[in-house]
Amino acid sequence: MQGYGQYCPVAVGTELVADRWTMLIVRELMVGAHRFNDIERGLPGISRTLLVDRLRRLERAGILERRPPPGGRAAEYHLTEAGRDLERVVWSLGEWAVRWAFADPRGDQVDGRLLLWRFRQGVRLDRVPTGRTVVRFRLTGEDPISAWLVITPDEASVCLRHPGFREDLVVIADNRELHRVWLGRTSIGRAMAAGLVRLEGPPPLVRAFPRWFAWSPFNPSVRRAAERQRPGGAEAIR
């Protein structure tokens, strides 16, 4: 990448991280994606060639490092001390966008596969029932998709084909509305009351489902912003 030719910290910093996709790659590492395929799944639209190039550039810049593969699997990517220090820049940019530029999702931002990958990343294994739990998601509206989230005590995975296990819970939701729930523009309770999200399964699992996930890290900020935008401004989203 051609530099700006300016002796200025802002210019030097943007030369390293402000080109297309780079900040989002750092974001994926921050939320726990360390293998190449996992990073790629969080970045639909990036080519594998470009991702390889960006990862190598970040490695040369000392922002990430490759670590030997555990158990013979593919090498993992982890942020270095410099990369971890960059986290506050990424979150600050996101918080700025929440205050000034973030609204309901546009049609081109509604991506069912990516949303379900976020659900997978957000699973809190210690809050899900012991054993295997299978949740079917049937997303309707824009970019409709059916997929399954399979959660075991050790990991969670997304399956685009029936995994062959009994379904414990079914989530039927408008895709756009579930995006709003994930980010905090509304709550799952309000979405269910409006008939845009429906949970089918044993009542204990239905009640527990919202507590199985660490929602988007920006969810609290987006919720506060959404509350201020509602008529009256002070009423909490329940």
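The values are calculated or read from the model by the stated rules, or taken from the named source; none is laboratory data. Quick caveat: nothing in here was measured; it's all calculated off a predicted structure. In this analysis, Cβ positions are derived from the backbone assuming ideal geometry, glycine residues included, and neighbour counts consider all displayed protein chains.
Among the residues of region 194-219, which ones are in a helix (DSSP H, G or I), within 13 Å of Ala173 (Cβ to Cβ) and more than 17 Å from the chain's Cα centre (by Cα)?
The answer is Phe209, and nothing else.
Could you list, ordered by first residue, the pairs with Cβ atoms under 7 Å in which the first is in region 13-33 and closer than 15 Å to Tyr77 by Cβ and the second is crowded, with 16+ Cβ neighbours inside 10 Å and aromatic (Phe, Trp, Tyr), at least 6 apart or interchain?
Final answer for the pair search is Leu29/Tyr77.
Restricting attention to region 179-193, report how many residues are assigned to a loop (DSSP other than H, G, I, E, B) and either at positive phi or touching a strand residue (DSSP E or B) at 6+ places or on another chain (Cβ under 6 Å) (or both).
1
Of the residues Asp111, Asp85, which is acidic (Asp, Glu) and over 30 Å from Glu142 (Cα atoms)?
Selected residue: Asp85, the only one of Asp111, Asp85 that is acidic (Asp, Glu) and over 30 Å from Glu142 (Cα atoms).
Going residue by residue through region 106-114, is there one that turns out to be farther than 12 Å from Arg176 by Cα, in the same structural domain as Pro204 (by TED's automatic domain parsing), modelled with pLDDT of 95 or more and not basic (Lys, Arg)? Break it down stepwise before answering.
Pass one, region 106-114, residues farther than 12 Å from Arg176 by Cα: 113-114.
Then drop every residue that is not in the same structural domain as Pro204 (by TED's automatic domain parsing), which leaves 113-114.
Still in the running and modelled with pLDDT of 95 or more: 113-114.
Checking the rest, the ones that are also not basic (Lys, Arg) come to 114.
Within region 106-114, one or more residues are farther than 12 Å from Arg176 by Cα, in the same structural domain as Pro204 (by TED's automatic domain parsing), modelled with pLDDT of 95 or more and not basic (Lys, Arg).
State whether the residues of region 228-237 include one that is in contact (Cβ under 8 Å) with a residue 40 or more places away in the chain and assigned to a loop (DSSP other than H, G, I, E, B).
Yes.
Could you check, for region 172-179, whether at least one of its residues is surrounded by fewer than 18 Cβ atoms within 10 Å (Cβ to Cβ) and closer than 22 Å to Asp104 by Cβ?
yes
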